[in-house]
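Below is one structure, written out as structure tokens; comments come after it.
Read-outs: derived from the displayed coordinates by stated rules, not from any lab. These numbers were taken from a predicted model, which means no experiment stands behind them. Glycine gets a Cβ as well: all are built from the backbone with ideal geometry, and neighbour counts include every protein chain shown.
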Amino acid sequence: MASQDWLEKDFYKILGVSKDVSDAELKKKYRKLAREYHPDSKPGDTAAEAKFKEISEAYSVLSDKEQRSEYDQIRAMGAGGARFTAGGAGGQGFDDIFGGMFGGAGGRNTQFNFQQGGGYEDIFNMFGGGAPRGPQKGQDTNATTTIDFETAVNGKTVTLQSTSGTVKVKIPAGVADGQKIRVKGKGQPSPSGGPAGDLLLTVTVRKHPIFERDGLNLKFKLPVTFTEAVFGATVEVPTLGGPSVKLKVQPGTPSGRVLRVKGRGVQTSKGTGDLLAEVQVAVPGNMSAEAKEALEAFQKVEPQENPREDLIARARA
């Protein structure tokens, strides 16, 4: 999700909570709404499905302390422009040098911060040294943008609106956090009639609540029940920005085993990755007396194997 979405959406209102809501109350409220609007509870109800997605989106931001703080700051600042830093006493900022930052597809906007290279950077700093010979190239402009995880995976064209015009930058599919993108001729104009400098854009990618990048692969942790791990099962797993898929868990699958869904990772010109699900056997939090009795009966007849025997042997070796 880009910053303009955060300006336009009141996540607190969506979840029906106050801005000083505690983490525990936030989770309680989310679970209540999620149960009410979950597609399984209202099959075929497109309005409920849209509401469920809206609730999940709001909770994913507000439940993350870092994203919640960023969201609150953006909402407090409103639709202000980009912020520049410059040298001089007190390190005062120049605001709105590049005013609006407008996103590409889907009308999403992206937040940008622009700086010139150096310590406390002077925005209008020119080349030092002796007198140049002939037309000199203009200075490069450094910029940063923060994009959501899905945009980084799928790519997007963003438009920067400056006082001198617009600059379109294509964010390639599969861009990594911290990666730099060079846009030729979109930096500072030359002071002597030479070519303009370049725009050097550094991309920061927000974390996803479920998925992580591993090269071109997407990873996530897949909880399964004890019986699903023992007897095997076919379970439903999410994909990034698409419909869920069925994944077969083989009988006797232990925690830590990685199951693979081919071709559901990052798609780039260099190749396509896979979706990797790391199995985690979930321990039930609440057990009925009947279930506990059955488990105790199993404990008496379970194989007398020590699962830590190999661990201890290898540690001593």
#### Entry: Residues of region 246-270 with amide N under 15 Å of the 7 Å Cα→Cβ point at residue 173
263-270
### Task
Quick one: which residues, 5+ away or cross-chain, put their amide H under 5 Å from the amide H of residue 190? H built at 1.01 Å from N.
138, 196, 197
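What does the highest-first list of 291-300, 308-317, 231-240, 257-266 look like by mean Cβ count within 10 Å?
Going by the mean number of other Cβ atoms within 10 Å, highest first, we get 257-266, 231-240, 291-300, 308-317.
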### Query
Each residue of region 308-315 in order: what ³J(HN,Hα) in whole Hz does its phi give by Karplus 6.51 cos²θ - 1.76 cosθ + 1.60, θ = phi - 60°, with x for Gly and Pro?
9, 4, 5, 4, 5, 4, 5, 5
### Task
Work out the charge dipole of region 212-316 with +1 on the Cβ of Lys and Arg and -1 on the Cβ of Asp and Glu about the Cα centre, then indicate which of 275, 295, 220 is farthest towards its positive end.
275
### Query
Got the relative contact order for region 3-76 handy, in percent, Cα pairs under 8 Å and 6 or more residues apart?
36
### Message
Going by average Cβ density within 10 Å per residue, which order do the peptides 149-155, 187-193, 276-282 take, highest to lowest?
### Response
149-155, 276-282, 187-193
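Might you report the magnitude of the Cβ-based charge dipole of region 3-76 about its Cα centre, with Lys and Arg at +1 and Asp and Glu at -1, to the nearest 20 debye?
320
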#### Entry: Whole-Hz ³J(HN,Hα) from phi, Karplus 6.51 cos²θ - 1.76 cosθ + 1.60, for region 221-226, glycine and proline x
9, 10, x, 10, 6, 4
### Equivalent-ellipsoid semi-axes of region 3-76, from the Cα gyration tensor, Å, largest first
23, 14, 9
### Query
How large is the charge dipole for region 212-316, taken about the Cα centre, if only the Cβ atoms of Lys, Arg (+1) and Asp, Glu (-1) carry charge, to the nearest 20 debye?
600
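Listed here are the pairs 19/51; 42/219; 27/51; 32/292; which of them are more than 23 Å apart at the Cα?
42/219; 32/292
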#### Entry: Amide H within-cut-off set for residue 280, under 5 Å, with H built and near neighbours excluded
222, 224, 256
### Query
What is the sum of charges around residue 23, taking Lys and Arg as +1, Asp and Glu as -1, for the other residues whose C-beta is under 14 Å from the C-beta of residue 23?
+3
### Message
Between residue 150 and residue 27, what is 0.36 nm times their sequence separation minus the Cα-Cα distance? Round to one decimal in nm.
### Response
41.9 nm
